[in-house]
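The values are calculated or read from the model by the stated rules, or taken from the named source; none is laboratory data. These figures come from a predicted structure and were not determined experimentally. Heads up, the Cβs are rebuilt from the backbone with ideal geometry, glycines too, and the neighbour counts pull from every protein chain shown. Areas reflect the complete protein model, heavy atoms only, side chains present, ligands, DNA and RNA absent. Shrake-Rupley method; radii C 1.70, N 1.55, O 1.52, S 1.80 Å.
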Amino acid sequence: MSNLEITTTLQSNQTISVPQLGLGVWKSRPKECLEAVKSALSLGYRHIDTAAIYGNEADVGTAIKESGVKRSDIFLVTKLWNADQGYDTALRAIDVSLKKLGTDYVDMYLIHFPVSGKRNDSWKALEKIKAEGKAKSIGVSNFMVSHLEELLKETGTVPAMNQVEYHPFLQDTKLKEYCIQKGILLEAYSPLAHGQKLEDARVTKLASQYKKSNAQILIRWSLQVGHVVIPKSKNPERIRENADVYDFVLSDADMKEISTWNEDFRTCWDPTTVE
Ligand SMILES: NC(=O)c1ccc[n+]([C@@H]2O[C@H](COP(=O)([O-])OP(=O)(O)OC[C@H]3O[C@@H](n4cnc5c(N)ncnc54)[C@H](OP(=O)(O)O)[C@@H]3O)[C@@H](O)[C@H]2O)c1
């Protein structure tokens with residue numbers, strides 16, 4: 001794991017490579033989002049994670065255009081919102097997102113949440129969206145093992161990626177094993193536990209030992225366990241800090257220790273109870 005770098009990509013089952021580190025933009029307000037994405041791209045990030053519901057797709061699109069980085073060098077992800085789930089509505093939703101993003105394709109289109117009674121029809125729409133070239137690859141988010149099993153049974157296709165909350169304080173190893181077994185990339189959202197565990201004493205101890213920041217320890221852990229990871233910051237200095245994680249390696253002993261920290265600490269919505 002010492003050979004990781006900001007250009008590291010992970011191979012998905014849909015013949016598309018995913019840059020392992022990305023920038024999340026949830027809760028980045030429009031102007032902040034524009035600056036955050038431009039900062040990230042200038043620092044070498046090549047993966048941006050937005051969603052229709054974040055209300056900032058237009059700023060992401062503008063930032064990409066103004067960045068001077070070629071569109072084809074950027075891995076752009078957006079998500080189908082719950083209110084748009086269903087076959088016809090999903091087909092319309094991608095067109096709205098693409099218009100706001102100012103592009104004719106996204107690199108990955110995700111079902112944002114496993115909405116009961118609609119998720120499988122949404123997935124069939126995503127397959128059409130992919131066939132039409134509006135998304136280079138398709139995946140899901142917040143899918144637990146039962147949702148993935150159902151999807152595979154009903155539709156026969158395997159998502160490229162599953163974006164779920166994952167950090168040392170929420171380690172769903174059963175879900176992770178399932179994703180590995182099926183060749184689904186696991187993408188960790190809220191890798192800093194939405195900022196709520198940065199002051200954990202065990203993280204602080206490791207930060208001082210490695211002479212890195214608490215956020216860097218958590219991001220480095222996600223990279224070393226092989227997740228795609230999308231820390232969010234609206235602050236250019238923190239965006240730089242969050243990518244400055246390639247000059248140290250957490251030891252096997254420390255990785256083993258962190259693997260014991262799970263406390264099912266969920267900061268975002270809980271898909272485990274969704275039928
Ligand atoms: N699919 C889903 O349902 C879903 C759900 C949640 C999140 N996501 C995606 O995952 C991304 C990341 O998750 P998240 O936004 O929930 O949380 P996160 O990345 O775990 O944490 C973000 C918080 O940490 C702060 N922060 C960032 N870098 C820091 C640093 N170096 N030092 C101290 N504080 C720092 C940020 O504040 P500042 O911005 O002020 O720096 C913000 O308050 C989202 O933006 C979104 O793209 C997806």
Inset, instruction - Please express the shape of segment 170-266 as an equivalent ellipsoid: the semi-axes are the square roots of 5 times the eigenvalues of the C-alpha gyration tensor, given largest first in whole angstrom. - result: 21, 16, 13
Inset, instruction - Return the FRET efficiency for the residue pair Thr9, Lys124: r is the Cβ-Cβ distance, R0 is 35 Å, and the value is rounded to the nearest 0.05. - result: 0.80
Legend entry - Sum of -39500 (n - 2.57) over DSSP H runs of 4+, divided by residues of the chain (222 nm, nearest 500): -12000 deg cm²/dmol
Legend entry - Principal-axis tilt of helix 87-101 within the chain, Cα atoms, nearest 10 degrees: 60 degrees
Inset, instruction - Rounded to whole Hz and in sequence order, give me ³J(HN,Hα) for segment 233-239 from the Karplus expression 6.51 cos²θ - 1.76 cosθ + 1.60, θ = phi - 60°, writing x for Gly and Pro. - result: 8, 9, 9, x, 5, 6, 4
Legend entry - the chain: angle of helix 201-210 to the longest principal axis, Cα-based, in degrees nearest 10: 70 degrees
Inset, instruction - Determine the percent antiparallel among the DSSP beta bridges restricted to the chain, to the nearest 5. - result: 15 percent
Legend entry - Karplus (6.51, -1.76, 1.60) ³J(HN,Hα), θ = phi - 60°, over segment 253-259, in Hz, Gly and Pro reported as x: 5, 5, 4, 5, 4, 5, 5
Inset, instruction - Evaluate 2.2 N^0.38 Å with N set to the residue count of segment 4-134, then give the Cα radius of gyration divided by it. - result: 1.03
Inset, instruction - Please list, in chain and number order, the residues 5+ apart from Tyr189 or on another chain whose amide H is under 5 Å from its amide H, with Hs placed from the backbone. - result: Val164, Glu165, Tyr166
Inset, instruction - Please give the solvent-accessible surface of His227 in Å², to the nearest 10, using a probe radius of 1.4 Å with every protein chain present. - result: 0 Å²
Inset, instruction - Could you do me a favour and compute the accessible area per residue for the chain, 1.4 Å probe, result in Å²? - result: 43 Å²
Legend entry - Ala135 long-range amide H proximity, modeled H, under 5 Å: Val106, Lys130
Legend entry - Point-to-point label distance, Lys211-Asp252, nm (Cα→Cβ direction, 7 Å offset): 2.5 nm
Inset, instruction - For a quick protection proxy, order the peptides 242-251, 160-169, 19-28 by their average other-Cβ count within 10 Å, most packed first. - result: 160-169, 19-28, 242-251
Inset, instruction - Can you check what the net charge comes to around Ser122, using other residues whose Cβ is under 14 Å from the Cβ of Ser122 (Lys, Arg +1; Asp, Glu -1)? - result: +1
Legend entry - Anisotropy class of segment 16-59 from Cα gyration tensor, a/c 1.5 cut: oblate
Inset, instruction - First compute the accessible area of the chain with a 1.4 Å probe, then give the percent of it belonging to carbon and sulfur atoms. - result: 50 percent
Legend entry - Net charge dipole size for the chain [Lys, Arg +1 and Asp, Glu -1 on Cβ; Debye, nearest 20]: 520 debye
Legend entry - Å³ per residue enclosed by the Cα convex hull of the chain: 116 Å³
